[in-house]
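This report concerns only the one structure given below.
The values are calculated or read from the model by the stated rules, or taken from the named source; none is laboratory data. None of the values given here were measured: they were computed from a predicted structure. Note that we place each Cβ from the backbone using ideal geometry, even for glycine, and neighbour counts take in every protein chain shown.
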Amino acid sequence: MLGLAADRLRADTNRLLAFLFHQGILDEQFLQLQQLEDETSPNFVSEVVNIYFHESEKLLRNLRSLLMDKEFSDYNKMGIHLNQFMGSSSSIGAKRIRNVCVAFRAASEQNNRAGCLRALELLEHEYCFLKNKLHELFQIQQQRALAAAVRYPMQN
Amino acid sequence: MAAQGRHGGQESNKMTALVVDDNTVNRMIHHRLLDNLGIENVAVVNGKEAVDIHCSGKTFDLILMDMDMPVMNGIEATRQLREMGIRSMIAGVSTRSMEREIREFIEAGLDDYQEKPLTMSKLISIVHKING
């Protein structure tokens, strides 16, 4: 019974990852992150990604606050936030988010406020989607770890 | 976790590195990549801190230098480190991909440039240049 549950959870993980790669939401950089996990740092991916979420939400709020300001003209400041977001998104393998950041940066460099707003809306949408999917992935991985602990309790 | 440079502090056979990046996610990943290669490393958050740590007497075999940072960017930090006589391998890492943007960074004194994200194979190619 426990074996079947573990198999199902493993299949769920693989299916979700396949979906995320196939849709271009994640790229091979996410696999690079997974390879950095080992017994000395077993939660490395979730730790990095949670910091990414925390930082990204601040950056998205900053970008929205800048663009919603009627007096907005500081494209340079917007570029700084964008570079940050782009850098960390590509470092965790968030491919679609990175691509939207590229388009956003192009609009910013042309001082195209309408283009920037459109890009920001798309960015917020993509970010929410990624966050939900990665939370789902981490939940399944937690369930797998619990299932493994129940099947193979540590012997003192 | 503090790196022990070859030319300051305790003698060590381990390679040492300095990560210069204002982004927390990138610092974590670069730190882990370097750890996995057995390279002792410390991280600072901007170019000025990179210059200051060298002024304190520490040196490193490798410096991973981000380009866009507040206070002092990677271009200016690289320039100042070279003017100070720092001969360490400085590898620029950035999301920038346009030639004109990268050229100024390289001309400031880089030994290598890698587009982010930094991967294990990119890092190994940088390390080989130090040993080669």
* Tally the residues that are within 13 Å of the chain's Cα centre (by Cα) and at pLDDT below 95, restricting the search to the stretch B:88-104. => 2
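Please work out which residue is surrounded by the fewest Cβ atoms within 10 Å (Cβ to Cβ), limiting yourself to the stretch B:63-88 and to residues that are over 13 Å from B:Val20 (Cβ atoms) and not acidic (Asp, Glu). Reasoning before the result, please.
Quick first cut of the stretch B:63-88, residues over 13 Å from B:Val20 (Cβ atoms) only: B:79, B:82-85, B:87.
From the residues that got through so far, the ones that are not acidic (Asp, Glu) too are B:79, B:82, B:84-85, B:87.
Details: B:Arg79: 18, B:Arg82: 15, B:Met84: 11, B:Gly85: 7, B:Arg87: 11.
Going through the qualifying residues, I end up with B:Gly85.
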* To do: May I ask you to verify whether A:Arg105 is within 11 Å of chain B (Cβ to nearest Cβ) and touching a Ser or Thr at 6+ places or on another chain (Cβ under 6 Å)?
  => no
* State whether one or more residues within the stretch B:109-121 are within 21 Å of A:Lys77 (Cα to Cα) and exposed (fewer than 14 other Cβ atoms within 10 Å of the Cβ). => no
* Take the residues in the stretch B:42-61 that are away from chain A (no Cβ under 14 Å), within 21 Å of A:Ser88 (Cα to Cα) and of a type outside the set (Val, Ile, Thr), then tell me which one is surrounded by the fewest Cβ atoms within 10 Å (Cβ to Cβ). => B:Glu49
* Search the stretch B:104-125 for residues being of a type outside the set (D, E, K, R) and closer than 9 Å to B:Val93 by Cβ, and hand back the single one that is nearest to the other protein chains (Cβ to nearest Cβ). => B:Pro117
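For the stretch A:4-95, give me every one of the helices (runs of 4 or more DSSP H) that falls completely inside it and has 3 or more residues that are among the charged types (D, E, K, R), surrounded by fewer than 17 Cβ atoms within 10 Å (Cβ to Cβ) and more than 11 Å from the chain's Cα centre (by Cα).
Values: elements: A:28-35, A:44-68, A:75-92.
Correct list: A:44-68.
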* Would you check which residues across the stretch B:83-99 are part of a loop (DSSP other than H, G, I, E, B) and under 22 Å from A:Lys95 (Cα atoms) and list them? => B:Thr95, B:Arg96, B:Ser97, B:Met98
* To do: Evaluate the following for A:Ser46: is it at the interface with another protein chain (Cβ under 10 Å from one of its Cβ atoms) and either of a type in the set (S, T, N, Q) or touching a His at 6+ places or on another chain (Cβ under 8 Å) (or both)?
  => no
* Can you work out which of the residues in the stretch B:100-132 that are in contact with a helix residue (DSSP H, G or I) (Cβ under 8 Å, 6 or more places away or on another chain) and part of a strand (DSSP E or B) is nearest to B:Leu33 (Cα to Cα)? => B:Gln114
